[in-house]
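Colleague: One structure follows; several queries about it will come next.
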Amino acid sequence: MTIPWLTERDPFPPAGSALRDPNGLLAAGGGLSAERLLNAYGRGIFPWFGDDDPVLWWSPDPRMVLWLRDLHVSRSLRRTIRSAPYTITFDTAFPEVMAGCAGPREAEDGTWITPAIMEAYHRLAALGHAHSVEVWSEGELAGGLYGVALGRMFYGESMFSRRPDASKVALVYLVRHLERWGFELIDCQMSTPHLASFGAREIPRTEFLQHVDRLALLPAVPSPWAPHPDPPEALGVK
């Protein structure tokens, strides 16, 4: 089977028409304008491609999600958060977080966070649709994560660490704040053991799209985001 090649004006095909092998490949082309990206996320679709590839769009089945109420925080991570070795901010260093996520990683060749992806998501951040969580240690960026928010639906994109547990701390703070703001789940896109260790699980794409249809239409949290100045105990980390 083949996938359609989109012009900038072509609509996405239905997510249900995505290939089974490779799982979720839906379409190619169409550009990375802010309008295109927001339309994609609202349909449960995301871009993922390498430097030498065209823009590729995906909607895998099943879909990995983290229900906020199911977040698992290990004892060691709880100790790290309680000891407060890091300072947490939101939406203060989006480009730096993306650059950190794009950096080299062990056992990985290259990165899908290409210059084109970085430029596109910087635009989304400037428009208030993409958000970052920054974890600081002695004034240096120790880790963080970023993603996209539509209404009360959050789509996780990537995370990184330069210090122990930094990205994990970012995830816990994000989840607790999303809960306060009326979000219900984070789209994790692809299944990995690392995400499963936090309580993420796979659900059928049809179910995922039903949640997207409902949550993405709810009122958005005003941008820029900011963490609540509560101690870790108030965030449910005891």
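The values are calculated or read from the model by the stated rules, or taken from the named source; none is laboratory data. Nothing here was measured: the structure is a model prediction, and the numbers come from that model. As a convention, Cβ positions derive from the backbone with ideal geometry for all residues, glycine included, and neighbour counts pool all protein chains shown. These accessible areas exclude ligands, DNA and RNA; they are computed on the full protein's heavy atoms, side chains included. Shrake-Rupley method; radii C 1.70, N 1.55, O 1.52, S 1.80 Å.
Colleague: Only residues that are open to solvent by 10 Å² or more (accessible area, probe 1.4 Å), closer than 14 Å to GLY16 by Cα and in a strand (DSSP E or B): list them for region 30-67, please.
Modeller: TRP58
Colleague: Give the residue that is farthest from the chain's Cα centre (by Cα), with candidates limited to residues of region 143-181 that are open to solvent by 50 Å² or more (accessible area, probe 1.4 Å) and not charged (D, E, K, R).
Modeller: PRO164
Colleague: Here's another thing I want to ask about it. Would you be able to say whether some residue in region 68-78 is part of a strand (DSSP E or B) and either small (Gly, Ala, Ser) or surrounded by fewer than 19 Cβ atoms within 10 Å (Cβ to Cβ) (or both)?
Modeller: no
Colleague: Oh, and also: Just one of the numbered conditions (1) among the aliphatic types (A, V, I, L, M); (2) assigned to a loop (DSSP other than H, G, I, E, B); (3) open to solvent by less than 10 Å² (accessible area, probe 1.4 Å) is not true of ILE3; which one?
Modeller: Condition not satisfied by ILE3: (3).
Colleague: Condition test on TYR146, is it in contact with a helix residue (DSSP H, G or I) (Cβ under 8 Å, 6 or more places away or on another chain) and not in a helix (DSSP H, G or I)? Lay out the reasoning, then the answer.
Modeller: Details: in contact with a helix residue (DSSP H, G or I) (Cβ under 8 Å, 6 or more places away or on another chain): yes; not in a helix (DSSP H, G or I): yes.
Against the criterion (in contact with a helix residue (DSSP H, G or I) (Cβ under 8 Å, 6 or more places away or on another chain) and not in a helix (DSSP H, G or I)), TYR146 qualifies.
Each row is one residue, and each column tells you yes or no for (1) touching a residue at least 60 places away in the same chain (Cβ under 8 Å); (2) farther than 17 Å from MET153 by Cβ; (3) surrounded by 13 or more Cβ atoms within 10 Å (Cβ to Cβ).
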| position | (1), (2), (3) |
| --- | --- |
| PHE183 | yes, no, yes |
| THR192 | yes, yes, no |
| SER197 | yes, yes, no |
| ILE203 | yes, no, yes |
| ASP213 | no, no, yes |
